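Shown next, in structure tokens, is the structure this report addresses.
Read-outs throughout are calculated quantities, based only on the coordinates presented, and are distinct from any laboratory measurement. None of the values given here were measured: they were computed from a predicted structure. Here the Cβ positions follow ideal geometry from the backbone for every residue, glycine too, while neighbour counts run over all protein chains shown.
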Amino acid sequence: MTAWIKSLYIGLILLLLVAPIVVVAGVSLNEAQSLRFPPQDLSLRWYGALFREPDWLVPLRNSLVIAATSSLLAVLVALPLALHVWSRRGWLSRGLYTLGVAPFMLPPVISALGFLVFWVSLGMYGQMAATIVSHGVFLVTLPVVTISLGLNAIDPALIEAARTMGAARGQVLRTVILPLIVPYILSGYAFAFVLSLNEYIIAYMVAGFTVETLPIKIFNSLRYGYTPIMGVVSVLFILLAVAVFGMIGRFGNLPRLMGSERVRDQ
Amino acid sequence: MSAPQKATPGWLAAIPALALGIFFIVPFAIMLSVSVAHRVPGGFFEPGFELASYIRFLSAFFGSILVTSITISAAAAAICVTLAFPFTVFLAGMGRRAQTWILVILLSVLSLSEVIIGFSLSTLLSKTAGVGNLLAWLGILETSRAFTPSLFALLTGMCYLGFPYAVLVLYPPVSRLDPELGEAARTMGASPLRTFFGVTLPLLRAPVLGALVLVFVFTLGVYLLPQVLGRPQHWTLSVHITDQAIFQSNLPFAAAMAVLLLVVTLMLVGLTLLLGRDAGARQ
């Protein structure tokens, strides 16, 4: 197959993926409260409205707080998990890894219902803490995968060298291993953060009526009438995702992070 | 893995074991017990052991929901992987810079909320802001019309959701594939198409199956798209699980449906692992 057919195919699919986003971005620029594309009377008033209307400001704050704390929680669980799996073998390692990957592999509605009955039993249904912990567990898979990749990329000779020079286990961990995997920890956090912002079903099942997040707010507005603010939120989320993954791609090796082993350098 | 033995203290394992044990295993155990609990109409449920909720699922109504869910998800998985396979093969052959940018786009689309995807597509397929306008302007349609809600819109949404996952599952094995194999086939006189179907595709049988199952399982859990883009008869099992749990306050029945969905999922994942092992052993 010639190169241009390949590029054409890739370009066509990317076009299809980007098309809905372009339309939504256009819609968010409408002056009037209507969804028209191409937009009429360009204006940025709905971008300001997102940060002024309490209706949208509260979900925005909820979403940010939940994403920031639940991703931190996910990393705090994933880091010891990945370290243990990496340095030791045996049933505990295998079991922990399966447990770490499972939440993200199951249809989320199942985990969502599990969390719902769990928090109902504890009497914490409807609290923000319930959403945070649920998201933390659900998203633990992402830092587990990125940190494991980072650990497996460490040259064993480095650790051997540190040991030969007389470093104790804790010293090796602190001064050799952890600094080497910091980028992988950060990208795991970033992945989890972006996905938590966008997550709907778990947040809805665990505390949907009391702790409104942005996706829940958008869905509720979908039922009761469209406003360009929905387009604004979508655009901001997309920009944030592109910024986060673009940074990872700029400063890290994204193909390697996604599991490619042979990548031609430009 | 070439990790040095015991580079970390053993107690480290206790943190994730406790966290995931309490907040992941226990919820599943409770869900299992709720699925056999006795429903108190109007209230919650009381502990007990009865299979009423499972038996209720065997009715024709819920049976047809299961069939609908499985059919729609299977169709979405087939379309996704058919589109994603050549995409991934071409992608893996590009330079690092191009690959990085395409991966950034894929990851951004992947992270998009189902709500946002539903909203975007319903806008794109709507009468006032979408392709209807474009087609009317081009003269293909007489006047603009909406393409949503419909089965077509729902399948489009599910494919949009599943496509990045399919590519990212296929990407590692595809990029590890030795390019010399394809070159060898070409040198021996095989046409590009023949190389593709005779060499590349058979070598990647297990990952392709894996991608199919992943997208299938993933779209089986889709909750919002059927409501935004589909008609009520396209509502999938996930929609009904949530409906029962939140709006009908029938937690035992919702839990029973979730357990059944879990069983179907695990069986499929097990089957894929088995098939993958077979394919691996034969190579």
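Counting only other chain Cβ atoms within 10 Å of each residue's Cβ, the peptide B:25-36 averages 5.
Which helices, counted as full DSSP H runs in chain A, have an axial Cα extent of no less than 27 Å and a Kyte-Doolittle average of -1.0 or above? Span-like helices here: A:3-27, A:54-87, A:178-198, A:228-251. Residues A:Val137, B:Val239, A:Val65, ranked from the fewest to the most other C-beta atoms within 10 Å, line up as A:Val65, B:Val239, A:Val137.
Springs join every pair of Cα atoms under 10 Å in this Gaussian network model of chain B, and among B:Val199, B:Val259, B:Val222 the largest mean-square fluctuation is at B:Val199. Among B:Leu212, B:Ala255, B:Val36, whose Cα sits farthest toward the positive end of the charge dipole of segment B:30-282 (+1 at Cβ of Lys/Arg, -1 at Cβ of Asp/Glu, about the Cα centre)? Going by the charge dipole, the pick is B:Leu212. Mean per-residue shielding of peptide B:120-128 is 6, counting Cβ atoms of other chains within 10 Å of each Cβ.
With a 10 Å cut-off around each Cβ of B:255-261, the average count of Cβ atoms from other chains is 4. Please give the residues of segment B:70-103, grouped as numeric ranges, whose backbone N is less than 20 Å from a label point set 7 Å along the Cα-to-Cβ vector of B:Leu275. It comes to B:70-89, nothing else. Largest mean-square fluctuation among B:Ser108, B:Ser73, B:Ser122, in a Gaussian network model of chain B whose springs join Cα atoms under 10 Å apart, belongs to B:Ser108.
Segment A:8-57 and segment B:7-53 have their alpha-carbon centroids 42 Å apart. When +1 charges are put on Lys and Arg Cβ atoms and -1 charges on Asp and Glu Cβ atoms, the dipole computed for the protein assembly as shown relative to its Cα centre reaches about 880 debye.
For B:Phe45, nonlocal amide neighbours, meaning residues 5 or more places apart or on other chains whose placed amide H falls under 5 Å from its own, are B:Val40. Each of B:Trp101, A:Trp86 was scored by other Cβ atoms within 10 Å of its Cβ. Listed from fewest to most, they are B:Trp101, A:Trp86. Note: relative contact order over chain B, using C-alpha pairs below 8 Å and six or more positions apart, is 27 percent. Note on B:Cys80, B:Cys159: ascending count of other Cβ atoms within 10 Å places them as B:Cys159, B:Cys80, the fewest first.
Per-residue ellipticity at 222 nm from helix content only, as computed over chain A with -39500 (n - 2.57) for each DSSP H run of at least four residues, stands at -24000 deg cm²/dmol.
With a sphere of radius 15 Å drawn around the Cβ of A:Tyr204, what net charge do the other residues whose Cβ falls strictly inside it have (Lys, Arg +1; Asp, Glu -1)? Walk me through the numbers before you get to the answer.
On the way: positive: A:Lys217, A:Arg223; negative: A:Glu199, A:Glu212, B:Glu114, B:Asp243.
Once all neighbours under 15 Å are counted, the net charge is -2.
Looking at segment A:173-249, the chymotrypsin sites (Phe, Trp or Tyr not before Pro) that sit in a DSSP loop and have at most 11 other Cβ atoms within 10 Å of their own Cβ are A:Phe209, A:Tyr224.
Please give the charge dipole size of segment B:30-282, origin at the Cα centre, charges +1 on K and R Cβ atoms and -1 on D and E Cβ atoms. Round to the nearest 20 debye. Could you put the intermediate results ahead of the total?
On the way: 13 positive and 9 negative charges, 84 e Å.
Dipole of segment B:30-282, to the nearest 20 debye: 400 debye.
With a cut-off of 8 Å between alpha carbons and a minimum separation of six or more residues, what is the relative contact order of segment B:1-135 in percent? Walk me through the numbers on the way to the answer.
Numbers: 37 pairs, mean separation 10.1, N = 135.
With pairs under 8 Å counted, the relative contact order is 7 percent.
Could you work out the relative contact order of segment A:154-220? I mean the mean sequence separation of Cα pairs under 8 Å and 6+ apart, divided by the number of residues, in percent.
After rounding, I find 22 percent.
Here the gap between B:Ala78 and B:Met267, fully extended at 0.36 nm per residue and compared with their Cα-Cα distance, gives a gain of 66.2 nm.
Extending 7 Å from Cα along the Cβ direction at B:Phe197 and again at B:Asp243 yields two label points whose distance is 4.3 nm.
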